[in-house]
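Heads up: the structure comes next, in structure tokens.
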Amino acid sequence: MTNAEMKSNRYLRWHKARCRIAWILARIAEGHTVQIATHTRAVRYTAKHAAMFKATKSGAFVQRGKVWDCIDHTNISAA
């Protein structure tokens with residue numbers, strides 16, 4: 001594959017997911033509570049929830065039971 005055949009922003013979604021998860025885990029490591037909010041629901045995560053986050057090529061995810069919920073387009077804040 002040559003440079004001309006490369007797709008632009010090929011790994012951009014994965015990069016943004018890794019940055020988002022890294023930010024969340026850094027705030028949790030500092031002792032903060034991280035809140036992920038959608039239009040209808042807000043969930044708070046503390047240090048005991050750190051293993052529930054992952055970044056893949058398809059986005060950033062948080063575990064809810066056996067299901068992984070995408071958190072790419074959610075509002076994330078730390079308190």
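None of the figures in this text is laboratory data; all of them are computed from the coordinates on show. Small disclaimer: the values here were computed from a predicted structure and weren't measured. Heads up, the Cβs are rebuilt from the backbone with ideal geometry, glycines too, and the neighbour counts pull from every protein chain shown.
Summing charges over neighbours of SER77, with a neighbour being any other residue whose Cβ is under 15 Å away from its Cβ, gives +3 when K and R count +1 and D and E count -1.
With volume of the Cα convex hull per residue in Å³ in mind, check (i) 113; (ii) 142; (iii) 92 and report the label derived from this structure. Recomputing volume of the Cα convex hull per residue in Å³ here picks out (i). Here the chain is assigned +1 on the Cβ of each Lys and Arg and -1 on the Cβ of each Asp and Glu. Its dipole about the Cα centre then comes out at about 140 debye. Using the Cβ-Cβ distance between LYS48 and ASN9 with R0 = 35 Å, the FRET efficiency computed as 1/(1 + (r/R0)^6) comes to roughly 0.50. Of all lysines in the structure, those lying under 30 Å Cα to Cα from LYS66, and not within fewer than 8 positions of it along the same chain, are LYS16, LYS48, LYS54, LYS57.
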